[in-house]
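Visitor: My questions will all concern the structure given below.
What follows draws every value from the coordinates through simple rules; no lab data is involved. Note that this is a predicted model, so its numbers are computed, not measured. When we count neighbours, we look across all protein chains shown, and the Cβ atoms used for this are built from the backbone with ideal geometry, even at glycine.
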Amino acid sequence: MYYFSTNKRSPHVGFAQAVLNGQPADRGLYFPSQIPHISRNLATGLKKLSNAEIAFEVIRPYVNGDIADDDLLEICAETVDLEIPLITIDEKITALELFHGPTLAFKDIGARFMSRCLGRVSRRQSRKTIVIAATSGDTGGAVAAGFHNVDGVEVIILYPKGRVSRIQELQLTTLGGNVTTLELHGTFDDCQAIAKPLLADDTLSTQVHLTSANSINVARWLPQQFYYFFAVKMSEDKDPTICVPSGNFGNLAAGILAERAGLRIGHFIAASNANDVVPRWFESGQYQPRDTIETLSNAMDVAAPSNFVRILEMFGGDRKELKKIVSADRVSDEETAATMIEVYERTGYVLDPHGAVAYKALNDSGRKGIILETAHPCKFDSVGEILGVEPDVPVSVRDLGSNKKVSIEVPNDHHLVREIVMQKI
Ligand SMILES: *Cc1c(COP(=O)(O)O)cnc(C)c1O
């Protein structure tokens, strides 16, 4: 097992190196040289295994010995140490709730796994690892929480002062320890404009390994297979349909990988919002990204989804083959809001806007199945506005309010932020 670049112009690497590199130099994405068939244990004994055991069996061949088994089992146990319930919404649709992690979104799972892998493999290097992440609120929070207290890694988070929600700010600024949070006087774009050159800073990188730990890292992508196994384990249906609210298409790509490896999933539905480059490709075969459109399901506002190449890779680009197990649909903001209201009034279940996109697409397909509920509704102000009632806030998040805020206010100044990075070396 090795990893090649989907652009085919970068050298093959092992798992550890792929985790350290994040992205190959040719700007492709790493992809495993083979899709290992799932073990007998997973194929026939799924219902008897714990979530930690399932995670370990699924990921082991991909890690291919680069992390020792007992270490890997520990990482898996920590990664899935959260509630992942399958909740019945109505007779036809259940929701796999992936939002019970520290930042209330499914990205917690991949971020936790990656942070621990990166911690393990970077300790073997002579250079220290520093993760630099600019965030508009959400993804950075999952990365920061994932890396919190991970040995051998320092984390620097940049967020735009006054431009993230109260809950997001609490999640970003109350960690402390190895996480340094910079509250920048500027916009998210300013944060990115500072982070990007730092990541490419040749002088710094002779002394320290700098990484963005971004979402295309194989150690964030591959563990997203886990919860498809959990869904099948809990489902009464032998080969359920699973509907995935999609933006960058990492989540769906991981589900398809699990299916290719032998997990019994009957069908996938890729649910997009108005950013519908993939549904249009399904219809026409033309891949034509347009400008990003802002929607209610804003974590899916992606014009050119990077993980789509991983999906194409699994089908040799053959649209006909792909369509045998995947269909695609788009859902407008009006439909999203109407779905949230209809489902709430009929069943009492509060969908977040991303889950609502999935619900609508699955419902319209006429199939029974499972939606992935990717974020807690309390994270979005729109939910209260649309439903006229405020969603419950989990105790874990309410308690954050009593923690001390530790962040450093910084002006929009590249040199100053670089100084702060230098101090961490
Ligand atoms: C990131 C995200 C998505 C989209 O997942 P992809 O893997 O990028 O397709 C959906 N919902 C929420 C809440 C997200 O944060």
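Visitor: Debye calculation, C-alpha points only, no solvent: report log10 I(q)/I(0) for segment 110-217 at q = 0.14, 0.24 Å⁻¹, in the same order as the q values.
Guide: -0.50, -1.37
Visitor: Would you work out the Kirkwood radius for the chain? I mean one over the mean of 1/r across all pairs of different Cα atoms, in Å.
Guide: Its Kirkwood hydrodynamic radius stands at 21.9 Å.
Visitor: Loop-only check: which GluC sites (Glu not before Pro) in segment 25-122 are DSSP coil with at most 15 other Cβ within 10 angstrom?
Guide: Here the GluC sites (Glu not before Pro) that fit, given the DSSP loop and packing criteria, are Glu83, Glu91.
Visitor: Of Ile370, Leu387, Val357, which is farthest towards the positive pole of segment 347-425's charge dipole, taken about the Cα centre with +1 and -1 on the beta-carbons of Lys, Arg and Asp, Glu respectively?
Guide: The listed residue farthest towards the positive side: Ile370.
Visitor: Taking 4 °C and 1.567 mPa s as the conditions, I'd like the Stokes-Einstein D for segment 27-78 in µm²/s, using the Kirkwood hydrodynamic radius from alpha carbon pairs.
Guide: Values: Rh = 12.1 Å.
Once the numbers are plugged in, D ends up at 107 µm²/s.
Visitor: Under the Karplus relation 6.51 cos²θ - 1.76 cosθ + 1.60, θ = phi - 60°, what is the ordered set of whole-Hz ³J(HN,Hα) values for segment 21-33, x standing for Gly and Pro?
Guide: Listing the rounded values in order: 6, x, 10, x, 4, 7, 6, x, 10, 5, 9, x, 5 Hz.
Visitor: Treating only the Cβ of Lys, Arg, Asp and Glu as charged (+1, +1, -1, -1), what charge dipole size does segment 297-405 show about its Cα centre? Round to the nearest 20 debye.
Guide: Numbers: 14 positive and 18 negative charges, 109 e Å.
The calculation lands at about 520 debye.
Visitor: Here are some pairs, Lys233/Lys360; Lys128/Lys379; Lys233/Lys323; which of them have Cα atoms lying more than 29 Å apart in this structure?
Guide: Lys128/Lys379
Visitor: Another question, if that's okay. Rank-order 364-373, 242-251, 132-141 by packing density, defined as the average count of other C-beta atoms within 10 Å over each peptide's residues, highest first.
Guide: So the order, starting with the most tightly packed, is 242-251, 132-141, 364-373.
Visitor: So what J values fall out for segment 104-111 if you push phi through Karplus, 6.51 cos²θ - 1.76 cosθ + 1.60 with θ = phi - 60°, rounded to Hz, Gly and Pro as x?
Guide: 6, 8, 5, 5, 4, 5, x, 5
Visitor: May I pose another question? In terms of modelled amide H atoms, which long-range or inter-chain residues lie less than 5 Å from the amide H of Cys243?
Guide: Amide H neighbours of Cys243, under 5 Å, 5+ apart: Ile269, Ile370, Ile371, Leu372.
Visitor: Determine ³J(HN,Hα), in whole Hz, for all residues of segment 154-162 in sequence, where each value follows from phi through the Karplus function 6.51 cos²θ - 1.76 cosθ + 1.60 and θ = phi - 60°; x replaces Gly and Pro.
Guide: 3J(HN,Hα) across segment 154-162, in whole Hz: 9, 10, 10, 10, 10, 9, x, 4, x.
Visitor: Shifting gears a bit: For segment 277-333, which GluC sites (Glu not before Pro) pass both filters: DSSP loop (anything but H, G, I, E, B) and at most 15 other C-beta atoms within 10 Å?
Guide: In loop regions of segment 277-333 (DSSP not H, G, I, E or B), the sparsely surrounded GluC sites (Glu not before Pro) are Glu294.
Visitor: Follow-up. May I ask you to order 10-23, 104-117 by the average number of other C-beta atoms within 10 Å around their residues, highest value first?
Guide: 104-117, 10-23
Visitor: Take the Cα coordinates of segment 173-244, assign each an equal point scatterer, and use the Debye formula without solvent to give log10 I(q)/I(0) at q = 0.11, 0.18 Å⁻¹.
Guide: -0.55, -0.92
Visitor: What does the highest-first list of 353-362, 301-310 look like by mean Cβ count within 10 Å?
Guide: Descending packing order for the listed peptides: 353-362, 301-310.
Visitor: Counting only DSSP beta bridges with both residues in the chain, tell me the antiparallel percent, nearest 5. Intermediate values should be presented prior to the final figure.
Guide: Working: 8 of 44 bridges.
Here the share of antiparallel DSSP bridges comes out near 20 percent.
Visitor: What order do you get for Met422, Met300, Met340 when you list them from fewest to most C-beta neighbours inside 10 Å?
Guide: On the way: Met422 12, Met300 23, Met340 26.
Lowest to highest Cβ neighbour count: Met422, Met300, Met340.
Visitor: Any idea what log10 I(q)/I(0) is at q = 0.10, 0.16 Å⁻¹ for segment 138-277, Debye with uniform C-alpha scatterers and no solvent?
Guide: Each listed q maps to, in turn, -0.48, -1.00.
Visitor: Here's something else I'd like to know. Using the charge dipole of segment 180-236 (Lys, Arg: +1 at Cβ; Asp, Glu: -1 at Cβ; taken about the Cα centre), state which of Ser212, Phe230, Gln192 has its Cα farthest towards the positive end.
Guide: Of the candidates, Phe230 comes out farthest on the positive side.
Visitor: What's the magnitude of the charge dipole for the chain around its Cα centre, counting Lys and Arg as +1 and Asp and Glu as -1 at the beta-carbon? Answer in Debye, nearest 20.
Guide: Values: 43 positive and 53 negative charges, 282 e Å.
Rounded to the nearest 20 debye, it is 1360 debye.
Visitor: Let me ask something else. Under a 5 Å amide H to amide H cut-off, with H placed in plane at 1.01 Å, what residues pair with Ala134 once short-range neighbours are removed?
Guide: Leu158
Visitor: Then there is this: Rounded to the nearest 500 deg cm²/dmol, what is the calculated helix-only ellipticity per residue at 222 nm for the chain, with -39500 (n - 2.57) per DSSP H run of length n ≥ 4? Don't skip to the answer; put the middle values down first.
Guide: Details: 20 runs with 184 residues, N = 425.
When only DSSP H runs of four or more count, the value is -12500 deg cm²/dmol.
Visitor: Please provide three numbers in whole Å: the alpha-carbon extents of segment 53-147 along the principal axes, with the largest listed first.
Guide: Projected onto the principal axes, the Cα atoms of segment 53-147 cover 55, 35, 17 Å.
Visitor: What percentages make up the Cα-Cα pair-distance distribution of segment 316-425 when the bins are 10 Å wide from 0?
Guide: With a bin width of 10 Å, the distribution comes to 11, 29, 19, 19, 18, 4.
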